[in-house]
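To keep things clear, I will list the structure first and then write my remarks on it.
The values are calculated or read from the model by the stated rules, or taken from the named source; none is laboratory data. Worth saying up front: this structure is predicted, and the values here are computed from it rather than measured. Positions of Cβ are generated from backbone atoms using ideal geometry, with glycine treated the same way; all protein chains shown enter the neighbour counts. For the accessible areas, the whole protein counts, side chains as well, though only heavy atoms, and no ligand, DNA or RNA atoms are used. Shrake-Rupley method; radii C 1.70, N 1.55, O 1.52, S 1.80 Å.
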Amino acid sequence: GQTYQRMIYKTVPNKGVIERLIRRDPSHLWLVLNEPERHDQANLAPKDGAVVAQEMQNLGACIAVPGVIIGEDGLAWLDAYLAAGGPLPEAWHVHLYHADSPRQVDLRLALWDDWMAERSLVRPTIISEYNGNWSDVETEIVVMRHMARRGAELDWLIAWYWFSLRYEVDRGGMGGNDLITLDLELTHVGEAFENIRRGWSSNTSKFGTSS
């Protein structure tokens, strides 16, 4: 089955509602922030992101932060978040893009692995958005299968989510091949994804979708 994870995109909305949800399921892991380093996404200064994460912890939430893209800008934001006193989470959540070949996937995973190791901050990690950035369909499937193999090898990787089932906006060159059609039928990439998920009976919880 699929795991649903609640998310705080930028700021904590109705705190009373959020607190009730946390009390209902205190072990639920909340994804906090979405690409705060990007002007077209959450667009938050690291010190402000630190405040949001602290608010969620103060409400009693288990959190995964901060949804940055693995790369120079995202990791610089994360360093600044920590320098600003951002709380350490139960887990990290990051996005893996700009990886349209197995080699590029490995480079991005190594970059994240090194970042954690160099700071003695190895923690469970969710890759909360990932795809092959508009590669052709067959290349997407090759990259997806490679990611599944690597995911099984990495002890710190607890889940990875494909972006997305369908993405019905002007994508501007970003995103990946859809997993379902408008009629809710699996696409060729969707069938490959589902076969990967079913083939990992002991690791099914590692694989999901992000929409």
A student applying the Cα gyration tensor rule (rounded when a/c is under 1.5; otherwise prolate if a/b is larger than b/c, oblate if not) would label segment 84-127 prolate
Nearest 10, in degrees from 0 to 90: the angle of helix 137-153 to the longest Cα principal axis of the chain is 50 degrees
So, over other residues within a Cβ distance under 15 Å of GLY190, counting Lys, Arg +1 and Asp, Glu -1, the net charge is -3
Subtracting the Cα-Cα distance of ASP79 and ASN14 from 0.36 nm times their residue separation yields 20.5 nm
Residue-normalised value, i.e. accessible area per residue, for segment 21-157 at 1.4 Å probe, in Å², stands at 42 Å²
Given unit charges at Cβ for Lys, Arg (+) and Asp, Glu (-), the dipole magnitude of the chain about its Cα centre in debye, nearest 20, is 780 debye
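Checking the a/c ratio against 1.5 first, then a/b against b/c, what shape does the Cα gyration tensor give for the chain?
Values: a/c = 1.61, a/b = 1.41, b/c = 1.14.
Note, shape of the chain comes out prolate.
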Taking the square root of 5λ for each eigenvalue of the C-alpha gyration tensor of segment 1-103, the equivalent ellipsoid has semi-axes, largest first and in whole angstrom, of 23, 17, 11
Ordering ARG20, ARG198 by the accessible surface of their heavy atoms, 1.4 Å probe, largest first, yields ARG198, ARG20
Around HIS95 (Cβ within 11 Å, Cβ-to-Cβ, excluding HIS95; K/R +1, D/E -1) the net charge comes to -1
Carbon and sulfur atoms account, in whole percent of the 1.4 Å probe accessible area of the chain, for 50 percent
For segment 53-149, whose charge dipole is built from +1 on Lys and Arg Cβ atoms and -1 on Asp and Glu Cβ atoms, the candidate among GLN54, VAL137, GLY74 with its Cα farthest towards the positive end is GLN54
Counting only backbone N atoms under 16 Å from a point 7 Å out along Cα-to-Cβ of LYS47, the residues of segment 89-122 in range are none
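Which of the three applies to segment 47-102, rounded, prolate or oblate, going by the alpha-carbon gyration tensor with a ≥ b ≥ c and a/c under 1.5 meaning rounded?
Oblate, because a/c is 1.5 or more while a/b does not exceed b/c.
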Here the Cα Rg-to-2.2 N^0.38 Å ratio for segment 69-145 is 1.19
Ranked output for segments 77-85, 62-70, 116-124, 143-151 by mean other Cβ atoms within 10 Å, highest leading, reads 62-70, 143-151, 77-85, 116-124
